[in-house]
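**Student:** Got a structure for you, questions after.
The values are calculated or read from the model by the stated rules, or taken from the named source; none is laboratory data. Every value quoted in this text rests on a predicted model; they were computed, and no experiment measured them. Note: ideal-geometry Cβ built from the backbone for every residue, glycine included; neighbour counts use all protein chains shown.
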Amino acid sequence: MTTSPPRTPATSSERLLHIQEAAEEIGLTPRSIRYYEERGLLRPAGRSGGDYRLYDASDLEQLRFIKGLRDDAGLSIADISQVVEDEESRRRTRAALELTDDPAERRRILLERLASLERLHGRLDAKLARLQAMFEDVEARRRRVHDLLSASNLELAASLEPGPDR
């Protein structure tokens, strides 16, 4: 499970949405949003006095990102979790690099980051290979149907031609 970094409370002038409003704006269900929270993909900006979840603009951006990974890229929740974790790792790496001038420490930080990226790359590469194989299979079936359709058209044309016994 991915853990989200601590949130900076939203400013009082920023509009906060309840879960139903956020769900409607993004095109998700409240249950999906709660599930993403349970999986550590999202932490709401805060809670209302009645303990209702409240979402700010950055939460909505994160939800759009998650929805895009799910719907447009076809990633599973496990894959999305890895991508979200990579984004968090990128932020942590940047912060850690800003805190040190020690070349050995900077090298260690960058090697850890590279290892993380290599794992994510491998996971996405495997998914891409599976999708490519599926695409090629559909393409081959599509060509076969085109060939059958062409043959059928030729048969139909030949049956409509006047012959010597017609």
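**Student:** Between Gln62, Gln132, which is within 21 Å of the chain's Cα centre (by Cα), surrounded by fewer than 12 Cβ atoms within 10 Å (Cβ to Cβ) and not aliphatic (A, V, I, L, M)?
**Tutor:** When all the criteria are applied, what remains is Gln132.
**Student:** Just give me the residues in the stretch 90-123 being crowded, with 16+ Cβ neighbours inside 10 Å and touching a Lys or Arg at 6+ places or on another chain (Cβ under 8 Å), in sequence order.
**Tutor:** Thr93, Arg113 - these are the residues of the stretch 90-123 that are crowded, with 16+ Cβ neighbours inside 10 Å and touching a Lys or Arg at 6+ places or on another chain (Cβ under 8 Å).
**Student:** Pairs under 6 Å by beta carbon, first residue assigned by TED's automatic domain parsing to the domain that holds Asp86 and in contact (Cβ under 8 Å) with a residue 12 or more places away in the chain in the stretch 104-131, partner loosely packed, with under 12 Cβ neighbours inside 10 Å and part of a helix (DSSP H, G or I), six or more apart or different chains?
**Tutor:** none
**Student:** Of the numbered conditions (1) at pLDDT 90 or above; (2) over 23 Å from Phe65 (Cα atoms), Leu160 fails exactly one; give the number of that condition.
**Tutor:** Going through the list (1) at pLDDT 90 or above; (2) over 23 Å from Phe65 (Cα atoms), Leu160 breaks only (1).
**Student:** Would you check which residues across the stretch 22-73 are among the hydrophobic types (A, V, I, L, M, F, W, C) and under 30 Å from Ala126 (Cβ atoms) and list them? Talk me through it step by step, then tell me what you get.
**Tutor:** As a first pass, look at the stretch 22-73 and keep what is among the hydrophobic types (A, V, I, L, M, F, W, C): 22-23, 26, 28, 33, 41-42, 45, 54, 57, 60, 63, 65-66, 69, 73.
Hits for the stretch 22-73 are Ile26, Leu28, Ile33, Leu41, Leu42, Leu63, Phe65, Ile66, Leu69, Ala73.
**Student:** Scan the stretch 19-39 and tell me whether some residue there is touching an Asp or Glu at 6+ places or on another chain (Cβ under 8 Å), at pLDDT 95 or above and over 21 Å from Glu112 (Cβ atoms). If you could, list the steps in order and put the result at the bottom.
**Tutor:** From the stretch 19-39, those touching an Asp or Glu at 6+ places or on another chain (Cβ under 8 Å) are 22; that's our starting set.
Cutting the leftovers down to at pLDDT 95 or above gives us 22.
Then keep just the ones that are over 21 Å from Glu112 (Cβ atoms); that gives 22.
Yes, there is a match, as at least one residue in the stretch 19-39 is touching an Asp or Glu at 6+ places or on another chain (Cβ under 8 Å), at pLDDT 95 or above and over 21 Å from Glu112 (Cβ atoms).
**Student:** Of the residues in the stretch 40-53, how many are touching a residue at least 40 places away in the same chain (Cβ under 8 Å) and either crowded, with 19+ Cβ neighbours inside 10 Å or under 14 Å from the mean Cα position of the chain (by Cα) (or both)? Let's see the steps before the verdict.
**Tutor:** Initial filter on the stretch 40-53 (touching a residue at least 40 places away in the same chain (Cβ under 8 Å)): 40-41.
With either crowded, with 19+ Cβ neighbours inside 10 Å or under 14 Å from the mean Cα position of the chain (by Cα) (or both) added as a condition, the list becomes 41.
Within the stretch 40-53, residues that are touching a residue at least 40 places away in the same chain (Cβ under 8 Å) and either crowded, with 19+ Cβ neighbours inside 10 Å or under 14 Å from the mean Cα position of the chain (by Cα) (or both) number 1.
**Student:** I'd like to know if the stretch 79-87 contains one or more residues that are in a helix (DSSP H, G or I) and surrounded by fewer than 16 Cβ atoms within 10 Å (Cβ to Cβ).
**Tutor:** Yes: one or more hits.
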